[in-house]
1. Picking from Ala137, Ala147, which residue would you name as being surrounded by 15 or more Cβ atoms within 10 Å (Cβ to Cβ) and more than 10 Å from ligand 3 (Cβ to nearest atom)?
2. Among all residue pairs at least 6 apart or on different chains, which show Cβ distances below 6 Å where the first residue, located in the range 78-92, is closer than 22 Å to Val47 by Cβ and the second is of a type in the set (Asp, Glu)?
3. What are the pairs, 6+ residues apart or on separate chains, where a residue within the range 137-166 that is under 22 Å from Ala117 (Cα atoms) and at pLDDT below 90 has its Cβ under 6 Å from a residue that is open to solvent by 70 Å² or more (accessible area, probe 1.4 Å) and assigned to a helix (DSSP H, G or I)?
4. So in the range 5-54, with the set limited to residues that are surrounded by fewer than 16 Cβ atoms within 10 Å (Cβ to Cβ) and of a type in the set (S, T, N, Q), which one is farthest from ligand 3 (Cβ to nearest atom)?
5. For residues that are part of a helix (DSSP H, G or I) and under 18 Å from Ile4 (Cα atoms), scanning just the range 76-93, find the one that is farthest from ligand 2 (Cβ to nearest atom).
6. Tell me whether the range 94-114 contains one or more residues that are within 16 Å of ligand 2 (Cβ to nearest atom), open to solvent by less than 70 Å² (accessible area, probe 1.4 Å) and either in a helix (DSSP H, G or I) or at negative phi (or both).
7. Name, by its number, the condition in (1) of a type in the set (Asp, Glu); (2) open to solvent by 60 Å² or more (accessible area, probe 1.4 Å); (3) part of a helix (DSSP H, G or I) that does not hold for Glu73.
8. Do we have Ala75 as farther than 25 Å from Ala98 by Cα, away from ligand 3 (no atom under 16 Å from the Cβ) and under 17 Å from the mean Cα position of the chain (by Cα) here?
Amino acid sequence: MDTITAKGHIFAMLDVDGDGVISRREYLARPERAAVALGRRAQDPLVAVARTAHERVFASMDANGDGEVSFEEYAAWAGAEAFDEVCRQALGSLFDLADTDGDGALDRAEFTRLREALGNPAGNAGSAFDALDADGAGHVDRDAYLASIRTFVTDGASPMAEALHR
Ligand SMILES: [Ca+2]
Ligand SMILES: [Ca+2]
Ligand SMILES: [Ca+2]
């Protein structure tokens, strides 16, 4: 998979209603939906962190500030720099919502709930988990999770990240 294909996959996942743009409302619904699906209360401090992180990502993506992100805008923006500046915090905040015991790692059940919460197909959660749990210890740690997504966005070629997003 090349990077433009990888970006297309992510864009399609974020364009929940499929109208060809990621609206601000659509994007900011993501942490709210994840919080509900992961059993977090609206006033949970981790939910506030996730909201703020997603607002920063949206402002960064929406280059012309019209409240919508087109694929052209997204494709020009996405990459290593955007990941390190804003995406890492947003993705990490969602990881933390799923990490119910707060140990910095997701076990299989936590990982599966996170994927479902984010609208990834549940059917391949098992293979994605196995790809990320390289040493078979039964957990995926935060850095490994974020590194796999970064590789997917920047190279489009990480087998474990492809499993994560397919
Ligand atoms: Ca949309
Ligand atoms: Ca825009
Ligand atoms: Ca955990």
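The values are calculated or read from the model by the stated rules, or taken from the named source; none is laboratory data. Remember, predicted model here, so these are calculated numbers, not experimental data. Note: ideal-geometry Cβ built from the backbone for every residue, glycine included; neighbour counts use all protein chains shown. Surface accessibility is based on the protein's heavy atoms, side chains included, excluding ligands, DNA and RNA. Shrake-Rupley method; radii C 1.70, N 1.55, O 1.52, S 1.80 Å.
1. Criteria check complete, one pass: Ala147.
2. So the pair list comes out empty.
3. His165/His9
4. Among residues in the range 5-54 that are surrounded by fewer than 16 Cβ atoms within 10 Å (Cβ to Cβ) and of a type in the set (S, T, N, Q), the one farthest from ligand 3 (Cβ to nearest atom) is Thr5.
5. Ala80
6. Within the range 94-114, not a single residue is within 16 Å of ligand 2 (Cβ to nearest atom), open to solvent by less than 70 Å² (accessible area, probe 1.4 Å) and either in a helix (DSSP H, G or I) or at negative phi (or both).
7. So Glu73 meets the others, but not (2).
8. Against the criterion (farther than 25 Å from Ala98 by Cα, away from ligand 3 (no atom under 16 Å from the Cβ) and under 17 Å from the mean Cα position of the chain (by Cα)), Ala75 qualifies.
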